[in-house]
1. If a residue has to be modelled with pLDDT of 95 or more and out of contact with any strand residue (DSSP E or B) (no Cβ under 7 Å at 6 or more places or on another chain) to count, how many in segment 102-128 make the cut?
2. Condition first: over 17 Å from residue 105 (Cβ atoms), in contact with a helix residue (DSSP H, G or I) (Cβ under 8 Å, 6 or more places away or on another chain) and surrounded by 12 or more Cβ atoms within 10 Å (Cβ to Cβ). Can you find one or more residues in segment 32-53 that meet it?
3. Considering only segment 93-128, how many residues are touching a residue at least 24 places away in the same chain (Cβ under 8 Å) and assigned to a strand (DSSP E or B)?
4. Which condition number does residue 19 fail, the rest of (1) under 26 Å from residue 123 (Cβ atoms); (2) modelled with pLDDT under 95 being met?
5. Looking at segment 4-31, which of the residues that are farther than 21 Å from residue 114 by Cα, free of Cβ contacts under 8 Å to residues at least 40 places away in the same chain and surrounded by 11 or more Cβ atoms within 10 Å (Cβ to Cβ) is nearest to the chain's Cα centre (by Cα)?
6. Please find, within segment 84-107, the residue that is nearest to the chain's Cα centre (by Cα) out of those that are within 23 Å of residue 54 (Cβ to Cβ) and loosely packed, with under 15 Cβ neighbours inside 10 Å.
């Protein structure tokens, strides 16, 4: 089962871009991370780590760049996820430019849940 689609806005600042005014490619991973954090809730992620010793790690990432966002754009990060197993979540994330006909960047991110000893643990419920 796939989750509903979540939206997270990202304003592109000059510091996000390279010398040509286009977003530096690695920054999309930051934008996607922030969107996932908003869905899961920062307070809940902190609680999971402090009280239960659980955290998440990227297991696999597949990212495709189709069109570079530019200084001044406001991106719409569209995110869905599905639980592939008790131990892995697969996130589909897209960065859309204003008026875009297709995503500027698309990523499939696999996350696993680990304890403090880096041992695989079942994924706790995700707030919806």
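1. Number of matching residues: 5.
2. yes
3. Final tally of qualifying residues: 14.
4. (1) is the only condition that residue 19 fails.
5. Filtering segment 4-31 for residues that are farther than 21 Å from residue 114 by Cα, free of Cβ contacts under 8 Å to residues at least 40 places away in the same chain and surrounded by 11 or more Cβ atoms within 10 Å (Cβ to Cβ), the one nearest to the chain's Cα centre (by Cα) comes out as 27.
6. 84
The values are calculated or read from the model by the stated rules, or taken from the named source; none is laboratory data. If you're wondering where the values come from, they're calculated on a predicted model, not measured in any experiment. We place every Cβ from the backbone using ideal geometry, glycine too, and count neighbours over all the protein chains shown.
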